[in-house]
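Chemist: Below you will find the structure I want to go over with you.
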Amino acid sequence: MLSKRLRGRDVQVAVLKPERAPWRPARRSFGYKRTRLLLRVSFLLPAMLYIVFFFGYPLYYSVSVSLQHYDLYAEITGQAAFIGLKNYVIDVGDVVFSQAALQTLVFTVCSIIPQFLLGLGLALFFQRHFPLNRFLRSLMLLPWLLPLVVSGTLWRWLFDQTNGVIDQVLASLHLIPAHFGWLTTPGWALAAVAIANIWIGIPFNMVLLYSGLQGIDKEFYEAAAIDGAGIWQRFRHITLPLLRPVIGIVLILGLIYTLKIFDIIYVMTNGGPANATQTLATWSYNLSFTQQLFGQGAAVGNIILLISLIIALIYLKWSWRPAS
Amino acid sequence: MQSQLTERARTQRQISLKALALTLIGLVLTMALLFPLYWMVISSLETNQEIFRIPAPLVPAQITFSGYMSAFTTQIPNLVTSLIIALGTVVLSLLIATPAAYALAHFRMRLTVVVVFALLLTQMIPTVTLSTPMFLIFNKLYLLNSYFGLILADSTYAVPFDILIMSAYFQSLPYELVEAAFVDGTNEWGAFLRVMLPLGAAGIITAGLFAFLYAWGDFLYALTLTTTNTIQPISLSIYNYLGQYESQWNGVMAVATLSAIPAALLLIFFQRYITAGVTSGALKG
């Protein structure tokens, strides 16, 4: 099959451009083809080895550890008992797990929707032509390029209870009592973390949606304008349907990215107060590295991966459906 | 004739007024989005007394570098550590990713399909899922607390992304260029090194930039794959600094500003590449 395909390509080359291939032997020996195939495989070899050793093997290890009674003692002695799915049963039965799962869902939805809407608004605005457009657009990328720890630290300062600027502004408007403990009040802490995450995600959404909008043929709009379609109608009947594939990608990447958010939450609240900002990602870390229950931590990590894969599969099914 | 000219001048003036208004709105929007960053820089330049004044001044009355003094004295080694790890990740991930990206762009083999599928899968894997097994494996291999270990781990961010964006770039270069190089009797590797690498420089720069930013920003591997303070990337040391000097926000913000500088510099100098990378990595990958 493989050799047939290669031969097919060569025939094509030979037929289409006979004058360009005089240096090639008329008939290739088996040895020639094998050497060429090996040469070509050698381009992929480092990447394949890296993927196997740094994704494949850790994943295998993660699954195997999650099926063992693997704690610090087991790590030291090198002996861990096989306990089947018990780690998963313990994890899922834990109150903190269901709390973290629910908070992950809330955090994800509350991050993605505002991020997307604000990003879309900005992308639409920057479709207009004006001086500095390009410069301002790339400046706006900064929040997204910043190390997440920096953003987390920064937002912790902005939300600071004694002197945070957010507290000062809102308190001076009498919207909240002065010295409101954003990061120490359950409920509000999750909102604060989500706000920081929205800020980080806006540029990403904007850039992708902007390039999606740029890809829409201007003639559609001109035709619609001649037919007397208003701004909203044009947006509803031209922009949205044609932007659908890009919207799908933006949302799916946002979902997968938000699901694994760790740094911001860890820096801003460390999952607290009283697990009120614990998500599955921070909980997996907590089990593995704070409590040193590696088996249970790996199990939660595998559950997050499973959720990501399911989302990706749903997306693939959705995107392969012919657009109506 | 005269009226036509004034007519045109008037419409032009209208257009430029409209453009001016749009630019103003754009400026306001950008300033609103970047306000937290302004606040970070301002806070880093204030004295610790001024930082606690209520209401906080929008512009500091006096600028002091005391925050930076304390930040610099403690953070220089950690900045160097981060630089070593980030550059190491750039080199390693480009060595791995560049030939693979080229192969995915131009070779038709069954293997390429497998590799593309594997790459898409790797992008779904949360770092936190990898961190537990990576810690246990690295512990056995004596790779904890080492530059090399962190470079190997940080490359998990860069390798898949780099392959996908560079492959999109190599696809835009015609394979005929390589075939022409075969006249000289070079093999695939020779043609790749001599023809494709120079032509693909823009794609390689983009990939390298992102590898740098990923490794510079890494926190989770720095947190889990180090158990002592011998090697402490800046991301990890900000967190520790914050824990140690929670009330000295000017110092904390100075450290944060220092570690944000590479991202800002890269954005200024490589604006075009970064915008291209964000879109092509996500849309074509």
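The values are calculated or read from the model by the stated rules, or taken from the named source; none is laboratory data. Fair warning: this is a prediction, and the values are worked out from it, not measured in the lab. Quick reminder, even Gly has a Cβ in these numbers, built from the backbone with ideal geometry, and neighbours come from all protein chains shown.
Chemist: Counting only residues that are outside any helix (DSSP H, G or I) and either outside the structural domain of A:Q99 (by TED's automatic domain parsing) or of a type in the set (A, V, I, L, M) (or both), which one in the range A:274-294 is farthest from A:I195 (Cα to Cα)?
Modeler: Among residues in the range A:274-294 that are outside any helix (DSSP H, G or I) and either outside the structural domain of A:Q99 (by TED's automatic domain parsing) or of a type in the set (A, V, I, L, M) (or both), the one farthest from A:I195 (Cα to Cα) is A:L293.
Chemist: Here is a follow-up. Out of B:L92, B:L119, which single residue is in a helix (DSSP H, G or I), touching a residue at least 12 places away in the same chain (Cβ under 8 Å) and either in contact with a strand residue (DSSP E or B) (Cβ under 9 Å, 6 or more places away or on another chain) or over 30 Å from A:W283 (Cβ atoms) (or both)?
Modeler: B:L92
Chemist: Among the residues of the range B:214-227, is there at least one that is in the same structural domain as B:A97 (by TED's automatic domain parsing), free of Cβ contacts under 8 Å to residues at least 60 places away in the same chain and under 12 Å from the mean Cα position of the chain (by Cα)?
Modeler: yes
Chemist: Only one of (1) part of a helix (DSSP H, G or I); (2) away from every other protein chain (no Cβ under 13 Å); (3) surrounded by 13 or more Cβ atoms within 10 Å (Cβ to Cβ) is not met by A:I264, so which one is it?
Modeler: Looking at each condition in turn, A:I264 falls short on (2).
Chemist: Suppose we filter A:Q115, A:Q161 for residues that are touching a Gly at 6+ places or on another chain (Cβ under 6 Å) and modelled with pLDDT of 90 or more; which single one remains?
Modeler: After ruling out the rest, the residue left standing is A:Q115.
Chemist: So B:T230 ticks every box in (1) more than 25 Å from A:M48 (Cβ to Cβ); (2) within 12 Å of another protein chain (Cβ to nearest Cβ); (3) of a type in the set (S, T, Y) but one. Which box is left unticked?
Modeler: (2)
Chemist: Checking the conditions here, which among B:A100, B:A71 is closer than 27 Å to B:F170 by Cβ, in a helix (DSSP H, G or I) and of a type in the set (A, V, I, L, M)?
Modeler: Just one listed residue meets the conditions, B:A100.
Chemist: If you go through the range A:155-165 one residue at a time, do you hit one that is away from chain B (no Cβ under 13 Å) and either of a type in the set (D, E) or out of contact with any Phe, Trp or Tyr (no Cβ under 9 Å at 6 or more places or on another chain) (or both)?
Modeler: no
Chemist: Further, regarding this structure: For the range B:27-55, which positions are touching a residue at least 40 places away in the same chain (Cβ under 8 Å), more than 7 Å from every other protein chain (Cβ to nearest Cβ) and of a type in the set (A, V, I, L, M, F, W, C)?
Modeler: Result: B:V41, B:L45.
Chemist: Let me ask something else about it. Does the range A:104-126 include one or more residues that are under 24 Å from the mean Cα position of the chain (by Cα), small (G, A, S) and closer than 28 Å to B:F135 by Cα?
Modeler: No; the residues of the range A:104-126 include none that is under 24 Å from the mean Cα position of the chain (by Cα), small (G, A, S) and closer than 28 Å to B:F135 by Cα.
Chemist: Hey, which of the helices (runs of 4 or more DSSP H) in the range B:146-210, taking only ones fully inside, have at least 3 residues that are more than 16 Å from A:R40 (Cα to Cα) and facing another protein chain (nearest Cβ under 8 Å)?
Modeler: So the answer is B:147-171.
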